[in-house]
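Beneath this line is the structure, given in structure tokens, with notes to follow.
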Amino acid sequence: MVRIVTDWRGLPGDLKGAAVAIGAFDGVHRGHQAVIGRTREAARALGAPLGVVSFDPHPRRWFQPDAAPFRLMTPAQMARALEPLGVDRLYLLPFDAEMAAMSDEGFARDVLAAGLGVRHAAVGFDFTYGKGRTGSPEGLSRQGGALGFGVTVCARVDDPDGLKLSSSAVREAVHAGDMARAAAILGRPFAIEGEVVHGDKRGRAIGVPTANVRLGDYMRPAYGIYAVRTRLADGRTLDGVASLGVRPMFAVDEPLLEVWLFDFDGDLYGQTIETGLIAFLRGEETFADLDALKRQIDADAAAARRILSRREDQPR
């Protein structure tokens, strides 16, 4: 299990001395995984723990507090995505006023060298850091040499077929409802995790009980209907169909993910579930009456079952 460390100040010796990959790592997509892979090589050569340095909140949220929701994952999802990559520690550092005001030299000296005691750092080719983004990969290499840690600068990695491997490319795919492209970049389906909250019970009234999850700071995928695969708090994974959006027939105050789990009967209120959006079925629609809506829901469920039955190789 990945150990999450939430500060760089006052750490005991057993939490220092790692080889670390540094970046936002929102999504932990295949490009990020390549940087972590290079870090893993350094960790093995040094006999050091493998760590990832990221930030909470995301720096964009600090500098643009009114920006539209954009996150691809929660910290808990990030830790789970890092575990199969062999990561021992996630240094989830607070991006606060002190961090935002820190110079690039100060970040290398105070955070990486003194605070975390890193033995090696790996960054992407476009990595910037420090107030005003004055720090560069080349600058970190110089600073690391002076401070006693090595630095690997990783070149851009793209899919052999030309697929761009970046968080922005994931967001573009998810916004367009192209879940296959998003999954190809991420290496797994895009998934939304959150607590199941009470809704207006309309679904239950027509025989389609849903588990409702608020989207919070997740970026907004294309609104509409999805074939989904949901992991419950007890570890079970169930197929289903979900509505994501504002329901034009029964408007809601905020967009919701409303998941109908096939062949499930239970109380999930207050539990945290994670729902992978496997395939986009259709956009949001308004229907003449409840009977027409119910017929379409049945058709959506049948379509979702067909798609998911062909994707048994998807992570469960």
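The values are calculated or read from the model by the stated rules, or taken from the named source; none is laboratory data. This one's a predicted model, so the numbers in the text were calculated from it and none came from an experiment. Glycine also receives a Cβ, built like all others from the backbone with ideal geometry; neighbour counts cover every protein chain displayed. To get the accessible areas, we keep the full protein, side chains included, count just its heavy atoms, and leave off ligands, DNA and RNA. Shrake-Rupley method; radii C 1.70, N 1.55, O 1.52, S 1.80 Å.
A compact table of results
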{"quantity": "Fraction of antiparallel bridges per DSSP, the chain only, in percent to nearest 5", "calculated": "60 percent"}
{"quantity": "Candidate values [x] 18.6, 58; [y] 23.2, 73; [z] 21.6, 72, label of the one derived for Rg and Dmax of the Cα atoms in Å", "calculated": "[z]"}
{"quantity": "Trp62, Trp260, Trp8, ranked by accessible area, largest first (probe 1.4 Å)", "calculated": "Trp62, Trp260, Trp8"}
{"quantity": "Contact order normalised by residue count of region 34-178, Cα under 8 Å, 6+ apart, percent", "calculated": "25 percent"}
{"quantity": "Leu165 - accessible surface, heavy atoms, 1.4 Å probe, Å² rounded to 10", "calculated": "20 Å²"}
{"quantity": "Accessible area of Glu172 in the full protein assembly, 1.4 Å probe (Å², nearest 10)", "calculated": "110 Å²"}
{"quantity": "Other-chain or far-sequence residues with amide H under 5 Å of Met102's (modelled H)", "calculated": "Lys131"}
{"quantity": "Per-residue SASA entry for Phe127, accessible area with 1.4 Å probe, Å² rounded to 10", "calculated": "30 Å²"}
{"quantity": "Principal-axis tilt of helix 290-309 within the chain, Cα atoms, nearest 10 degrees", "calculated": "50 degrees"}
{"quantity": "Residue-normalised accessible area of region 215-268, given per residue in Å² at a 1.4 Å probe", "calculated": "40 Å²"}
{"quantity": "Cα-based shape type of region 128-176, given that a ≥ b ≥ c are square roots of the gyration tensor eigenvalues and the cut on a/c is 1.5", "calculated": "oblate"}
{"quantity": "Average Cα contact separation per residue, the chain, under 8 Å, 6 or more apart, as relative contact order %", "calculated": "17 percent"}
{"quantity": "Probe 1.4 Å, accessible area per residue of region 1-67, Å²", "calculated": "47 Å²"}
{"quantity": "Accessible area (Å², per residue) of region 85-186, counting only protein heavy atoms and a probe of 1.4 Å", "calculated": "44 Å²"}
{"quantity": "Of Ala146, Ala122, Ala242, the one that fluctuates the most in a GNM where the chain has Cα springs shorter than 10 Å", "calculated": "Ala146"}
{"quantity": "With every protein chain in place, the chain: carbon and sulfur % of accessible area (1.4 Å)", "calculated": "51 percent"}
{"quantity": "Region 1-99: relative contact order as a whole-number percent, Cα under 8 Å and 6+ apart", "calculated": "46 percent"}
{"quantity": "For the chain, built as a Gaussian network whose Cα springs stay under 10 Å, the top-fluctuating residue of His198, His175, His58", "calculated": "His198"}
{"quantity": "Tilt relative to the chain, helix 30-46 - C-alpha long axis, 0 to 90 degrees, to 10", "calculated": "40 degrees"}
{"quantity": "Two-site label geometry, Asp96 and Thr128: point separation in nm, points 7 Å out along Cα→Cβ", "calculated": "2.5 nm"}
{"quantity": "The chain: most fluctuating residue of Leu186, Leu244, Leu163 per GNM, C-alpha cutoff 10 Å", "calculated": "Leu163"}
{"quantity": "Shape of region 148-274, Cα gyration tensor, a/c cut at 1.5", "calculated": "prolate"}
{"quantity": "For region 37-104: rounded, prolate or oblate by the Cα gyration tensor [a/c cutoff 1.5]", "calculated": "oblate"}
